[in-house]
Each structure stands twice: as C-alpha cells, then as structure tokens.
Protein chains: 4
Amino acid sequence: MIFLDCDYNNGCHEDILKRFTETNDEYTGTYGFDRFSSRAKEKIREACADPLAEVFFLAGGTQTNSTVIDCMLERWQGVVAAETGHINVHEAGAVEYTGHKVFALPSEDGKISPDALGAFLQGWHSDETRDHMAEPALVYISFPTELGTLYSASELDRLYCICHSFGARLFVDGARLAYALEAEGNDIDLPFLASHCDAFYIGGTKCGALCGEAVVFPGGRAPEHFFTRIKQHGALLAKGRLVGLQFDTLFSDGLYSRIGRHADGLAVLIPSLFEKYGIGRVLTPSRTNQQFLLVRKDALEALKEEVAFEKWGPYDDEYDLCRFVTSWATKRQDIESLESVLRGI
Amino acid sequence: MIFLDCDYNNGCHEDILKRFTETNDEYTGTYGFDRFSSRAKEKIREACADPLAEVFFLAGGTQTNSTVIDCMLERWQGVVAAETGHINVHEAGAVEYTGHKVFALPSEDGKISPDALGAFLQGWHSDETRDHMAEPALVYISFPTELGTLYSASELDRLYCICHSFGARLFVDGARLAYALEAEGNDIDLPFLASHCDAFYIGGTKCGALCGEAVVFPGGRAPEHFFTRIKQHGALLAKGRLVGLQFDTLFSDGLYSRIGRHADGLAVLIPSLFEKYGIGRVLTPSRTNQQFLLVRKDALEALKEEVAFEKWGPYDDEYDLCRFVTSWATKRQDIESLESVLRGI
Amino acid sequence: MIFLDCDYNNGCHEDILKRFTETNDEYTGTYGFDRFSSRAKEKIREACADPLAEVFFLAGGTQTNSTVIDCMLERWQGVVAAETGHINVHEAGAVEYTGHKVFALPSEDGKISPDALGAFLQGWHSDETRDHMAEPALVYISFPTELGTLYSASELDRLYCICHSFGARLFVDGARLAYALEAEGNDIDLPFLASHCDAFYIGGTKCGALCGEAVVFPGGRAPEHFFTRIKQHGALLAKGRLVGLQFDTLFSDGLYSRIGRHADGLAVLIPSLFEKYGIGRVLTPSRTNQQFLLVRKDALEALKEEVAFEKWGPYDDEYDLCRFVTSWATKRQDIESLESVLRGI
Amino acid sequence: MIFLDCDYNNGCHEDILKRFTETNDEYTGTYGFDRFSSRAKEKIREACADPLAEVFFLAGGTQTNSTVIDCMLERWQGVVAAETGHINVHEAGAVEYTGHKVFALPSEDGKISPDALGAFLQGWHSDETRDHMAEPALVYISFPTELGTLYSASELDRLYCICHSFGARLFVDGARLAYALEAEGNDIDLPFLASHCDAFYIGGTKCGALCGEAVVFPGGRAPEHFFTRIKQHGALLAKGRLVGLQFDTLFSDGLYSRIGRHADGLAVLIPSLFEKYGIGRVLTPSRTNQQFLLVRKDALEALKEEVAFEKWGPYDDEYDLCRFVTSWATKRQDIESLESVLRGI
C-alpha cells in the first residue's frame, strides 16, 4: 500500500525520537518552564529574526486556533475567514463555542483576496448600524491554505495593511507551515511572516512532530494573561517539555526546512504522473505537500486497492476530487510505486 | 415631519394602554404566573388551534432569538439562516455568544430557498468528515423577512419537510408577524404556521406593544427546563404580567390582526407614489409594512427634510436603497402628506 | 388577604402610569436614544452628583447583574460574592453561564465583611500558583442585601479601598436601592455610593416600576462597547423609552425616595407586632422593606389564611424562617389588619 | 538535589519510551482510530471488568475535567466539588468558562463527606425556588484527593447512591489514580470504581506517561456525540496514537500498578523521617505519593538547599505546610539521601 492520505499517520521524525530517548531521564520544570522549551523559544525567535517575539507551545491545531482567536478578540468581536477555512468548516464550531462569530468570505482557491477583505471591512465600518453587529476585529488565513495554495509576500503584505487600516489584526494558521516555507516559488520566510501578521503558529503535528504547535506573537504582543487563559482552555500541558523538546529539535540543523522540502519535492511529482497516464488532472495547482486532483471515476476502484488517499467529493460526471498528501515519512520509492500503479490502470 | 423610519418609535396601541390603566392595582403572581399571562396563553393557543402549545413571554427580539435558538440546540449544533437573517447580521453575534455556529446561506430576497436548504443539508449529511463539523440542527427563517418578503404556505411546508428529513428543526422569527399574517396574498395563518414549524414567536414590540414577544412551541415541545434557562439568559421578567397583559390585549377583539392590516394597507401605497412622481422604484416587492425602494439620490435631501426614513446603503450611481415603514401609529394622512412631498420634489 | 409576600406583585406606581398615558403618542428615537431616557440619565447624574456618570437602562435584575459583571470582567476573571448573594443562589447560574467564576464568601447576615474580603484577596494574591487560578477581579455586594441588611458608609468605604488595593473593582446590586437609601440609620446616599464603587444599579422593578434597572458607571467608566454588549446579551430594549420614562418619573419630585420611605416605614412595624403577640421574633434585624422573622410553626396555618408571605425554610423545632415584604402598594391599613390577625391567633 | 516536588518533572517511564521507539515507523489511522488506541481501550475495559465501557484519550487533566464535566451537564446544570477540588481552585475557572457553576462544599481533608453531600442535595431539591437556581446534577470527587487522601469503598458506594437518589451523577478525577489503587489499605479496585460512578479518568501524565488521560464511561454511557465535542473543546489529538500507545503500555504487564506501588512505597517513608529528626509532622495522613507535612520554619532554608519540594502555605508561627511527592522516577536512594539531609539539619 502506498500511503498518501494524510501527513499525520506515522510517529515522529527520527531526530525527534532520538532526542526523546536522550533526554528522558532529565529532570525539568513543568508547564513550559523547562530548558527544552526555553531553548526552542530562543531558536524560534532567532529563526523569525524577532528577539521580542513571545512563543507558546500548545498540543494541536484546533486547540491553537480556538485559544488564540478567543484570546485575541474582545467578546463583542468576531473573526473573518475564507469560507473554506479550517476554523469555519472542520473544527466543530470551536471558535463559536468560545462565543465569537466567524465571518466567512467566499473563496475559490482557499485564499482570502485582499480586495474582498477590503470591501468587507469597508462595508462593515461604513454601516451605520454597526453598533448592533459583531465587529470583525481579526482576520484568519491559513498558510498554506486548506487547498495547498499559497499567499505571495505582496498579498500577505496587502492583507496585513488592510487589516490594520481597519483596526483589525491578522492571524496566520501555519498547521503545515513547513510545506509553505519550502515550496518552490514561495517568497515568504519566517522573518517576513513574523513582521506581517499579529500572530501565527508553526505547525508541528503535521510537520513531523508527535504533537504540538508553536504560537508566535511577534514583537511580544501576546494577549494579556495568556498563560492563565491557555490553562482555562484546557490547553496547558503539564509536561511542557513534550512539545518544547520537539520544537527544539525541529529548529536544530534545519530539520523543519528539510521536512518541508522533502515532502513538497515528492508531492509536486504527483500531478504530472496522473496527467501522463490520463488518470487525472489538476484543479487548483499546488506546490505544497497537498495535491488536489480530479481523478477519473472509472479509475478510482483500481487506485484504491494500491493507494491510500482521500476522496473529497464528487466533481462532475467524469471526475471526483481527491487529495494526495506527502510527509517526512513519504519515500521517493512511494512515488515510483505510484507511477507503476497509474501505468497499470 | 412624516415618520416612516421605524415601527417602534411610539408608545403602545391605545387598547393596551387602557388595559394597563385598568389593571394596574391588581395583585398578581410573579414571573409569568399571573392571570393576564394565563389568559394570553390561552388565547394564543386558541388562535393557533393548538391546545397543547406551550407559550412563553420574553421582552425583545434578539433576546428571544438567542434564548430560543440556544435552548433548541445541543452544544455541538448550529443554526442555518439566510445571510441577511437578523441573527446573522444585527444581533451583535448573540447566537454565537451562546456558543453556536450560524451557517449563512446566500439569499437575494431575504428568504431561504427550499432547494438551497436541501442541497446544504444533503451536502453536510453526506460529508464523511461531518464528525469534525458543527451540525446544522435548526433552521431559522423570519416571516416576514428582514426585506419585508413572505414565504408562501407551500414554501413553508417544503422547508419544514426538508428540515425534518434531515433531523433538523424549524424556528420562525415573527418579530413582525402581524404584518405577514395580514398581507395581501398571504396564505399562511397561525394554525398553519403552528403546524409547520417547531417553534415561532409572535412579535409584540414591533406590532403595537411596549415590549414583548410570545414564543410558541407547538404541540407542547418546549425545551426542557425552559423556565430556568430563560432566567439563566437574564430574560425572565419579574413582573411577567407586563408582557402577558399586552398579549392578552393583542389577542382580544382581533387587535393583532387589525394592527397588521392597518399598517400593511398604508405601506403598500408607498411604492406607487414614488413611481408616480419618478422619485423611486421598487427593488424587491413587499406587501408588508416595510417597503424597500430605490430612491433617486438627487431627491434624498429634499425628502429628508419632510420625511423620516432609513437609508440602507448605496445601490448604484443614480439610486440609494431606502426603507419606509408603517405601524399602528401611522395615519392615512401621513401617506397623503407623503404624496404632497413627492409631488413637490 | 394581606399581601406581604413580594414587592413586585402589582403594576407600577400611579405617577408612572400617568406619565405612560401622557406620553404614549409621542414619537421618539429607539434603543435608548429618546428624550425620556436622556432626561432620566440627566436626573440620575444629578442625584448622584456625578456629571460624568454613564447611565444605561436594562429590563431586570438578573439580566443587569450578568451583563454588567460579564462586561466588567476579563475572561480569566471571576467575581466575589457573599454565599447568600443573589448571583450565587437565585440567578440560575447566569454569571457562570457567561463564563465567569463566582467566588462565594461565607456570610451570616448577607454582607461581606471587609476583613473576610481582605483576607481572601490577600490569600489569592500571595498564592504562588495564582496563574493557574481564576482571578477575583470584581466584588459584588447587594445594598440592601438579600436579607434586608445594610452596609454602613464606613463599611462600604473599607470594601472599596480593599478592592482597589488588590486591583479589584466593586459592583453594587441595588435591586431594592430605594429601601436602603431611605432606611432609618442609613448613612449612604447616592453621591456617596457613586463615589465608593465602580458600578451600581438603581433598582426599578422592585421599587415601583413595571420593569427596569438603571446601571450607573460613576465617572464615565463604562465598559468598552457596552451598548453592543447589552445587545449581545439580548438586553437591549427596542423601545428604550419604556424604562427611560419610568426612571424619569422615579427621579422627579422625589418619587424614588418617597417609595422607599413609605415601604420601609411600614415594614419596620412588622417585627414588633409579631413579638407583641408572641407569634414570632427577629433573626437578623432589618430596617428595610424586607423583614425576616422566625415564626412559630403552630401559628403558620392560621397566618397563611389571612396573610400572603414567604416561608424561607425550617429554622428549628419551634420556628420557621419567614419573609414579610412591603412596597409602594402596601397600605398602612394592611399593617393594622396584620395586627388584628396576629392578635387573633 | 533530591527531587520531591512533583510527579511530572521527568520524561516517561522507560517501557513507554521503548514502545515509542519500536512503533514509530508504523502507519496508523488518526484521531484515535489506530490499533494502539484500540488495544489500550480493550485492556482498560478488561481491567475494569466492564466490556461495554467507552474509553476516550485526552491530553491532560484540566482539559479532561472541563470537557467531561461540560459534556455530562445540561446547560442549566452545575457540578458539586469539595472546596479544595482541583476544578474549584487550580483550573483557572475552566469549568465556569464552559458555562457551568461549581458548587463548592466545605472539606477538611480534600474529601466530600456523604452526609454533607446528602444534606446539600436534599436542601436543593426541597427548595421551592429551585427553578431559579442552577441544578447540582453532577458530583466531582478526586481519587486520591488533592491532599493525597482516599475514599473507602463504602464511602464511594454511599456517595454514588446519594447522587443517584437525587438524579445526579458521579465523576471521579483519577489524575493520580495509580497511587490510589496501590495505596496500602485501599479497598477500591478498577472494577469497583467502574461500577460505582458514571465516569472517571485514569491519569497518565502524573503516573508515568508523557501526557494523556483515559476517560472511562462505564457501561457505555458516554455523552452523545462525545467525539465531536472533544474536537469542539480543542481536545482531539490528530495523532491519537500518542496517548493510545502510552495506555497500551501502562496496561501491559501490570505497569500502571507497578508505578503506583513504587511511588507509594517510597512516599510513605517520608513522614516518619521528618518525625524521627523532629523536623516536621503529619497534618493529614496520606498513604499515596503525596505527603503533606508541617515542617519547622527554622529548618526550611537548610532543607531547600538539598531537597526540591513545594511550600503550600503558612500554618502557624512554628510550621509551614509543605508537600513532598514521589513518582516512578523517584529512587529508594533519594529517600536514603533525604534521611541524611534531615539528620544533618
């Protein structure tokens, strides 16, 4: 079986496992006050070229999104997201559960267009009945998006400027950040990201860790009492070192970059294989580790027998939309095997 | 000045005021356990031809919507509404404040189309990732809608059937119900409404009362411990008689119908006046007490000097969208004066 | 029947009814932007000798408590109350429903003792694990308390100082404020109250109005976006004039004081009557309109036939704890009749 | 340095680490649908002698408490806990954050007495105003308690019966369950526990795991849609195997019992050492891994130089209350070293 269904099916990258073994017997402080977490924070600050950045480690993506968004908003405020945004679709209403409205903007490729955002915020702020409305005070984007697409540096810059000109802030969900940073053609690096948003997180769970996300508040602008609020959200790990150590490792010797590069490099080979054998074609082009392809319905059965992947839904009479994903655990040989399978269909 | 800006600018209908005066010195029970409330409930049950219906009196519309919706939903569930629905726009995120997602469906005339609803619910229930998603378990519609439009009996019937075939329920916001029930061409009456939804409210505040809405749960299907939950929402009136007495009056001698008929009758005269003098034209036709007209920008200034109305926003280079509203307090003479004003522009 | 069970069983004070009648046909703005509300606010500011005070009108007590407390707290903060405090017992968990902890302090007479408060806050702030704890950032007291008792000016001053020395704020629930202000021996007036707390409300519902409470933020320190948050809580009245007009009336010609004085004057006669005839005795002395008496169990049946009152619970083998309440609607003759009844038992 | 400050300062038990290494490259399903989680659940069901039990894995204690309690309660309900209960003190108001009241009962030794619970519930249910009150529908106890003390089987049985006779349910926080189960004199085992409560969790984080708690709903009575609600709480781990594998290991070869026995065996040696050298004495006796001692103030400085422990607060002029904790990582030699230190003071 060739596993291309998901980037969190395996344990963790071997370097991380090795560090767990080496450090297991060391005594440390709790709740994030341990030397591994400190070191990881220092490395992240350095990678972001932001010596004042505040860094916090949480366990998973939905938890991070709902905790950060809730804490960046006042209670009468809501968050703007693409209709396809993870917080709007696949988090079981976790943001609304904390009491905040999600304003969903239409999107075709998973991205929020600066123009659409500007028009929405302009409309809200010029509405004379706005005192009767939740205030869009935060904008949520994912980088890469849920469809594997990327914002360019100039798009990010424009979004950030638009946010600020309307008194809103910008939060970037980087659950798969490694794959964005290392994608061919991407022109956003960590320092640029850190200086063009108000908060973002560096995904661990989907980028080689067992669990964990690193939330970064550039320039030290973390929400007040954020530690206590993490606890209140049930998101404070007693053994904070569990995530701290993993990020310490991910940010050593370029591991985080290597993981992203490796998975992206294999993922971008996939679409041409499908096209070469007439089995599928690209819907929205992606240079990251998630590839969304329209696959011929009559080929699905045969494909499923050899390849694990996700069917996202029907597209038309001939095609279904399917997702193929690579990770640190995907091997070049998996892609070669995929070609054999496609050739044989 | 001719006041056509709103239907809650004056006190209350004179019949209500009279009853306040007559009953002021009477001793009654509290929290809705008074003879006026009992009588009003009985009259509402009768008007709905639903002897088992449970009736509760709350103070205002947003309060009623957020309390009822919250109590009809389990915590992992959300409510579907038209994009233009009051709960989605003008209630300051009150539904989300109670922890529930609002799923907004596109709408052009303020209504949810049965087809769009069916497609949305079908899509949700066939999505294999639905365990990661908030469940659309309630559908909210307003009758009349925020744009003054009406559902037909067959549309309501279809919406109700679609809801139930997907395990969802239907809640009807009747903040301006009097104006819907009495509109020309309307084929929904209270018994039909009560037998084609799971909950609805009969609006008082915007239909002649000082305050108050009557929530009806047909067939006695009120949420468990609803009394306690009203209290928990801060919505329990100590002197429940305040609202009870008003509905007792509104449902005596056909007053509620008379108020609706009176306001509708005057409202529908307005569009033709604007057209007659070339000052404006209809965007979405309405037979209820709210008329939305495209008014010539060059006529606005002159109009504003004599008429109170609401500008809802820009439409195009030539027109702005404006709202004109009548109520029990509007007089035939107001419409005649409006004609004079329009003639003179 | 002599009604001494509650102070909100009747309609409203006749002066208020008269004003409703006189003003019913007047056109006004909505949502509190009406001339009656403006005038009432002005009068309240004057009565408080606080020209900068911000005043808001809400419909009822629980609503006011939960809205104000929620808005004065950040999300990681909680409110301190006497164990017997209304928010801790009889509001169906409305404060917790908004996400905030209620810290309950033991109390014998319904009051929080400054010493107990100081010790509690001192303990919290010196606890090294406080980052794992909700922060007591607001103190709630009721004046008069749920047991009819009163704080003295010096006690209020001490509580206020203690709050501020620990970074907390003080909120005073004045649901029955009229009865406190006019009680014999009371040394707190509105200006003193306004300058010794961060927020308080002037009760209307239990002091002669049909509904309504006036929230006062001395010195203009209302929570940010409080108008929108009132709406979000479902507490914004469309016809704000309903409450505005009532407070306009209550603060004209000393009506609010007269109502308090009248009810207190009659209430304080009650205990001695019970003692005189050996039917009951005082538990906690009260000079306000609520009298808590231990009534002989063997007298209860006979008493109930002629007098409406509330049994609060068993006390010992011989006595039950009962509450007797007066209001603007109580007549001197009611007390005389009570004496006849007691004499006859 | 001798570390007796906490039971979650180190990595994880070596058996767990070994299994991480062995299984790291295995491909599995996500979100708990993996073979390790399945196996762990099976083993837990067996250990509980409850084949229908439903088991869920969460990451940490506060998260587990707030998620389970929220999901076991309807919105108008609250949870009863000892004043000293973790949810009432050290979880940053996480339960209230989900909207539920915590009713705190006085406690001297960390336990809720059956009599006090019965009286409280009896009082609530006989209160005629209970429709205005949050309903105590769940009782939270910790086993062992925050003070290291234990309920006996007969006490647990009584609490469970009292709960059920008042329509309430019982939830047991077993963050340190291993240390309770293995304590000398304890007469509660897993099957007894599972048949005498409605939900409990088996603590991992404080009992040798890197993270993770196993929630057990005996008899298959998990809350509806609990999976979705875990997600909504931000508590669903993408790599569910992370916790599944750890519990699979903890419940293999009696590891969980061994960990408990080891730590308890060392902990109970501590008090007599302090007494032997006149440095401290027991306040509340404990047979579990947490020992609370009154330590002579004049000995604290010297002690701190050699031993890590927690000062819990002042006790009197002579003593401070201190906590000493053992874990799987504590060695017999640590206790011997402690004796040397005490001898030398």
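The values are calculated or read from the model by the stated rules, or taken from the named source; none is laboratory data. In this text, all values refer to a predicted model and were calculated from it rather than measured experimentally. Here the Cβ positions follow ideal geometry from the backbone for every residue, glycine too, while neighbour counts run over all protein chains shown. Ligands, DNA and RNA are stripped out before the accessible areas are found, and what is left, the full protein with its side chains, is counted by its heavy atoms. Shrake-Rupley method; radii C 1.70, N 1.55, O 1.52, S 1.80 Å.
Numerical summary
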| read-out | value |
| --- | --- |
| Residue match in region D:22-32 (condition: closer than 20 Å to D:Asp173 by Cβ and touching a residue at least 40 places away in the same chain (Cβ under 8 Å)) | no |
| Residue, nearest to A:Gln122 (Cα to Cα), within region A:168-177, restricted to residues that are in a loop (DSSP other than H, G, I, E, B) and under 11 Å from the mean Cα position of the chain (by Cα) | A:Gly174 |
| Whichever residue in region C:59-89 is without any contact (Cβ under 8 Å) to a residue 60 or more places away in the chain and under 14 Å from C:Ala175 (Cβ atoms) and, among such residues, is most open to solvent (accessible area, probe 1.4 Å) | C:Val89 |
| Identity of the residue in region B:203-222, charged (D, E, K, R) and more than 10 Å from chain C (Cβ to nearest Cβ), that ends up most open to solvent (accessible area, probe 1.4 Å) | B:Arg221 |
| Residue tally, condition touching an Asp or Glu at 6+ places or on another chain (Cβ under 8 Å) and without any contact (Cβ under 8 Å) to a residue 24 or more places away in the chain, over region A:282-303 | 4 |
| Residue pairs meeting the criteria (Cβ under 7 Å; at least 6 apart or on separate chains; first without any contact (Cβ under 8 Å) to a residue 12 or more places away in the chain and at the interface with chain C (Cβ under 7 Å from one of its Cβ atoms), in region D:90-102; second buried (at least 24 other Cβ atoms within 10 Å of the Cβ) and among the basic types (Lys, Arg)) | D:Gly93/C:Lys101; D:Glu96/C:Lys101 |
| Residue under evaluation C:Thr23, criteria (1) among the hydroxyl-bearing types (Ser, Thr, Tyr); (2) at the interface with chain B (Cβ under 9 Å from one of its Cβ atoms); (3) touching a strand residue (DSSP E or B) at 6+ places or on another chain (Cβ under 9 Å), criterion not met | (3) |
| Candidates B:Ala92, B:Ala119, filtered to the one that is more than 30 Å from D:Thr30 (Cβ to Cβ) and among the aliphatic types (A, V, I, L, M) | B:Ala92 |
| Any chance C:Lys304 is at pLDDT 95 or above and not assigned by TED's automatic domain parsing to the domain that holds C:Asp187 | yes |
| Considering residues of region B:227-240 that are assigned to a loop (DSSP other than H, G, I, E, B) and over 19 Å from the mean Cα position of the chain (by Cα) only, the residue nearest to C:Thr64 (Cα to Cα) | B:Gly234 |
| Looking only at region D:22-58, and only at residues there that are hydrophobic (A, V, I, L, M, F, W, C) and open to solvent by less than 20 Å² (accessible area, probe 1.4 Å), the one that is farthest from the chain's Cα centre (by Cα) | D:Phe36 |
| Members of region D:134-167 found to be among the aromatic types (Phe, Trp, Tyr) and not in a strand (DSSP E or B), listed by number | D:Phe143, D:Tyr151, D:Tyr160, D:Phe166 |
| Filtered residue count, region C:138-176, keeping only those that are without any contact (Cβ under 8 Å) to a residue 60 or more places away in the chain and not polar (S, T, N, Q) | 18 |
| Single residue of region C:61-89 satisfying the filter (within 14 Å of chain D (Cβ to nearest Cβ), touching a helix residue (DSSP H, G or I) at 6+ places or on another chain (Cβ under 6 Å) and not aliphatic (A, V, I, L, M)) that is farthest from C:Asp248 (Cα to Cα) | C:Trp76 |
| Boolean, B:Gly174 is among the small types (Gly, Ala, Ser) and over 17 Å from B:Ala267 (Cα atoms) | yes |
| Scan of region C:107-133 for residues that are open to solvent by 20 Å² or more (accessible area, probe 1.4 Å) and assigned to a helix (DSSP H, G or I), ordered by number | C:Asp115, C:Ala116, C:Ala119, C:Phe120, C:Gln122, C:Gly123, C:Trp124, C:His125, C:Arg130, C:Asp131, C:His132 |
| Residue count for region D:17-50, restricted to those that are of a type in the set (A, V, I, L, M) and farther than 19 Å from D:Ile202 by Cβ | 1 |
| Residue among A:Leu181, A:Leu210 that alone is more than 17 Å from A:Ala49 (Cα to Cα), touching a residue at least 24 places away in the same chain (Cβ under 8 Å) and of a type outside the set (Val, Ile, Thr) | A:Leu210 |
| Residue identified as in contact (Cβ under 8 Å) with a residue 24 or more places away in the chain and within 14 Å of chain A (Cβ to nearest Cβ) among D:His233, D:His196 | D:His233 |
| B:Tyr140 touching an Asp or Glu at 6+ places or on another chain (Cβ under 8 Å), away from chain A (no Cβ under 14 Å) and among the aromatic types (Phe, Trp, Tyr) | yes |
| Failed item, numbered, when C:Ala238 is tested on (1) open to solvent by less than 10 Å² (accessible area, probe 1.4 Å); (2) under 14 Å from C:Phe56 (Cα atoms); (3) within 14 Å of chain B (Cβ to nearest Cβ) | (1) |
| Any chance D:His225 is open to solvent by 10 Å² or more (accessible area, probe 1.4 Å), in contact (Cβ under 8 Å) with a residue 60 or more places away in the chain and within 14 Å of chain A (Cβ to nearest Cβ) | no |
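Yes or no, residue by residue, for (1) surrounded by fewer than 22 Cβ atoms within 10 Å (Cβ to Cβ); (2) outside any helix (DSSP H, G or I):
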residue	(1), (2)
B:Ala180	no, no
B:Pro191	yes, no
B:Tyr201	no, yes
B:Leu242	no, no
